[in-house]
Amino acid sequence: QVQLVESGGGSAQAGGSLRLSCIVSVRAWNNYHGAWFRQAPGKYRHSVAEITQIGRTTYPDAVRGRFTISRDNAKNTVVLQMNDLKPEDTAVYYCYVDESNTDKHYWGQGAQVTVSE
């Protein structure tokens with residue numbers, strides 16, 4: 001059974017940093033694309049960082065230059081480093097993975113990130 005276990009997050013002041021980690025219990029992690037999504041109250045869930053199997057990353061304009069996604073294929077982890085946080089980054093953050101050439105995808109349980117002025 002595939003499990004995604006998130007850790008990290010919490011509270012920070014504007015300009016601060018937080019880190020989210022996700023351990024992915026799959027057999028062939030290097031066959032998976034990874035991403036972090038977030039959902040603020042009353043808003044849709046959307047991607048804030050994605051990383052391919054070979055480590056290529058993409059970010060929306062709202063977080064580019066502040067957020068960094070990385071993966072460790074030996075430890076089955078995907079990490080989101082968030083710097084220069086802003087109050088508008090406040091949301092529940094979800095780890096997401098999907099297996100290449102299949103329709104299999106999985107979500108983490110969500111981690112609250114709260115940024116105050």
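The values are calculated or read from the model by the stated rules, or taken from the named source; none is laboratory data. No experiment lies behind these values; they were computed from the predicted model shown. Because the Cβ atoms are built from the backbone with ideal geometry, glycine has one as well, and the counts that use them run over all protein chains shown. Just the protein is used for accessible areas: all its heavy atoms, side chains included, with ligands, DNA and RNA removed. Shrake-Rupley method; radii C 1.70, N 1.55, O 1.52, S 1.80 Å.
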What nm distance separates the two modelled labels at residue 72 and residue 44, each placed 7 Å from Cα along Cα→Cβ? 3.5
On a straight-distance basis, which lysines could pair with residue 86 in a cross-link, Cα separation under 20 angstrom, same-chain partners fewer than 8 positions away excluded? 43
Taking all protein chains as present, what is the carbon and sulfur share of the accessible area of the chain, in % to the nearest whole number, probe 1.4 Å? 47
Given a 1.4 Å probe, how much area per residue of the chain is accessible, in Å²? 56
For the chain, with a Gaussian network of springs between Cα atoms less than 10 Å apart, report the residue from 19, 38, 56 with the top mean-square fluctuation. 56
Measure off 7 Å from each Cα along the Cα-to-Cβ vector at residue 81 and residue 14, then give the distance between these two points in nanometres to one decimal. 2.4
